[in-house]
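**Student:** This is the structure, below, for whatever I ask next.
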Amino acid sequence: MSIWFTEELHPYYRKGIRIKKILADEQTQFQHLQIVETEFFGKAMILDGIIQLTERDNIGYHEMIVHVPMLAVGNPKRVLIIGGGDGGSLQQVLRYPSVEQALVCELDQRVVDLSREHFASFGNPWADPRATLLVRDAFGFLEENPGQFDVIISDTTDPIGMAERLFSDEFYKLMARALTPSGAASTQCEQPFFDTELIKAIYRSAKTLTTNPAYYYANIPTYPGGGIGFMYVSNTPWQNGLQTPMPPGVNNYINPEIHKAAFALPEFFRRELYG
Ligand code: SPD
């Protein structure tokens, strides 16, 4: 028997992965949460019908969203992760000996609970004494904490429903305000092919808030279009990170060549974004 999970991004675009078994399927207070065992990608987490991560290809996403701002800052001490309840970004953040405090501001406790149960490869980063989970909405927390964070990572779902606000001008203002003057943020920033206008609006906003924003991209087969981009938001140039040694531990995706190449954009999109 063959069961396919199909994600419909637009009425004109779908992608699918073949599933062996459904391991968890529940309506949380906030969203429809599913964990499935797939044929090729290991376990996958699906939220409101959208693939968030798979065991096989999440590492590229998590390494790229985390290491680019962390390396740019150099010796980050205080780090905030917005969303990220699965623990994948937290695991990468905690590789840095300089990190004293890593806060995860996640709205849905069930994402944390089910991820701990099913994604052992994240290595239970919650047990690290530097890690703190705040089960709350990020807006209020950002408002209360201006100038506090060396790095902020916005590891969110797509701009649909409750997550739409996390792609707004207001959010980017609050996030930039919560950074230290030389701090850096990275945000899940969608797909150049499908989300050009949204990304342009976010870049315009980031440009009014910081001097060196830039967009970069990673190849993740289970995301629409085979990849996803990130907005780097900072007064510190991302290129500073190319001089910083990687933290202890093994990388699976990022290396100096990938780090640099990720900021090279296809011409149609470079023109749209940077003119
Ligand atoms: N289009 C799907 C984008 C999903 C981004 N969120 C991933 C969360 C992994 N920590």
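The values are calculated or read from the model by the stated rules, or taken from the named source; none is laboratory data. These numbers come from a predicted model, not from an experiment. Cβ sites come from the backbone with ideal geometry, for glycine too, and all protein chains shown count toward neighbours. What goes into the accessible areas is simple: the full protein's heavy atoms, side chains included, and nothing from ligands, DNA or RNA. Shrake-Rupley method; radii C 1.70, N 1.55, O 1.52, S 1.80 Å.
**Student:** Identify all residues within segment 1-27 that are within 16 Å of the ligand (Cβ to nearest atom) and in contact with a strand residue (DSSP E or B) (Cβ under 8 Å, 6 or more places away or on another chain); write none if there are none. Please lay out each step first, then the result.
**Tutor:** So the first thing to find is which residues in segment 1-27 are within 16 Å of the ligand (Cβ to nearest atom), and the list is 5-10, 13-17.
Selection gives 5, 6, 7, 8, 9, 14, 15, 16, 17.
Results for (1) open to solvent by 60 Å² or more (accessible area, probe 1.4 Å); (2) in contact with a strand residue (DSSP E or B) (Cβ under 6 Å, 6 or more places away or on another chain); (3) not assigned by TED's automatic domain parsing to the domain that holds residue 98, shown as yes or no for each residue.
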{"residue": "237", "(1), (2), (3)": "no, no, no"}
{"residue": "243", "(1), (2), (3)": "yes, no, no"}
{"residue": "246", "(1), (2), (3)": "yes, no, no"}
{"residue": "262", "(1), (2), (3)": "no, yes, no"}
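**Student:** Go through 206, 261 for me and flag whichever is at pLDDT 95 or above and touching a helix residue (DSSP H, G or I) at 6+ places or on another chain (Cβ under 8 Å).
**Tutor:** Working: 261 fails: touching a helix residue (DSSP H, G or I) at 6+ places or on another chain (Cβ under 8 Å).
Step by step, each of 206, 261 is checked, and only 206 is at pLDDT 95 or above and touching a helix residue (DSSP H, G or I) at 6+ places or on another chain (Cβ under 8 Å).
**Student:** Has segment 148-171 got at least one residue that is away from the ligand (no atom under 16 Å from the Cβ) and part of a helix (DSSP H, G or I)?
**Tutor:** Just the residues of segment 148-171 that are away from the ligand (no atom under 16 Å from the Cβ), to begin with: 148-150, 168-170.
Still in the list and also part of a helix (DSSP H, G or I): 169-170.
Within segment 148-171, one or more residues are away from the ligand (no atom under 16 Å from the Cβ) and part of a helix (DSSP H, G or I).
**Student:** Specify the residue that is nearest to residue 159 (Cα to Cα); the eligible residues are those in segment 8-22 that are buried (at least 16 other Cβ atoms within 10 Å of the Cβ) and in contact (Cβ under 8 Å) with a residue 40 or more places away in the chain.
**Tutor:** The initial filter retains those residues of segment 8-22 that are buried (at least 16 other Cβ atoms within 10 Å of the Cβ), namely 9, 15, 17, 19.
Cutting the leftovers down to in contact (Cβ under 8 Å) with a residue 40 or more places away in the chain gives us 9, 15, 17.
Details: 9: 12, 15: 18, 17: 22 Å.
Here the answer is 9.
**Student:** Continuing with the same structure: Return only the number of the condition from (1) surrounded by 13 or more Cβ atoms within 10 Å (Cβ to Cβ); (2) part of a helix (DSSP H, G or I); (3) more than 15 Å from the ligand (Cβ to nearest atom) that residue 140 does not satisfy.
**Tutor:** Status for residue 140: all satisfied but (1).
**Student:** Residue 87 - would you say it is touching a residue at least 12 places away in the same chain (Cβ under 8 Å), in the same structural domain as residue 191 (by TED's automatic domain parsing) and buried (at least 17 other Cβ atoms within 10 Å of the Cβ)?
**Tutor:** Numbers: touching a residue at least 12 places away in the same chain (Cβ under 8 Å): yes; in the same structural domain as residue 191 (by TED's automatic domain parsing): yes; buried (at least 17 other Cβ atoms within 10 Å of the Cβ): yes.
The answer is yes for residue 87.
**Student:** Additional query: Hey, could you check segment 121-133 for residues that are over 17 Å from the mean Cα position of the chain (by Cα) and modelled with pLDDT of 95 or more and say which is surrounded by the fewest Cβ atoms within 10 Å (Cβ to Cβ)?
**Tutor:** Start the filter on segment 121-133 by keeping residues that are over 17 Å from the mean Cα position of the chain (by Cα), which leaves 121, 123-124, 126-132.
Applying the additional criterion that residues be modelled with pLDDT of 95 or more yields 126-132.
Working: 126: 17, 127: 8, 128: 15, 129: 6, 130: 16, 131: 21, 132: 12.
Per the stated criteria, the residue is 129.
**Student:** Of the conditions (1) β-branched (Val, Ile, Thr); (2) surrounded by 12 or more Cβ atoms within 10 Å (Cβ to Cβ); (3) within 16 Å of residue 224 (Cα to Cα), residue 35 fails just one. Which one is it?
**Tutor:** (3)
**Student:** Sticking with this one: Restricting segment 172-194 to residues that are in a loop (DSSP other than H, G, I, E, B) and open to solvent by 20 Å² or more (accessible area, probe 1.4 Å), which is farthest from the ligand (Cβ to nearest atom)? Outline the logic, then answer.
**Tutor:** Step one: of segment 172-194, the residues in a loop (DSSP other than H, G, I, E, B) are 189-194.
Subsequent filtering for residues that are open to solvent by 20 Å² or more (accessible area, probe 1.4 Å) retains 193-194.
Values: 193: 13, 194: 10 Å.
The selected residue is 193.
**Student:** May I ask you to list the residues in segment 209-222 that are in contact with a helix residue (DSSP H, G or I) (Cβ under 8 Å, 6 or more places away or on another chain), open to solvent by less than 20 Å² (accessible area, probe 1.4 Å) and of a type outside the set (A, V, I, L, M, F, W, C)? Break it down stepwise before answering.
**Tutor:** Here is the first cut: in segment 209-222, the residues in contact with a helix residue (DSSP H, G or I) (Cβ under 8 Å, 6 or more places away or on another chain) are 209-210, 212-216, 218-220.
Checking the rest, the ones that are also open to solvent by less than 20 Å² (accessible area, probe 1.4 Å) come to 210, 213-216, 218, 220.
Selection gives 210, 213, 215, 216.
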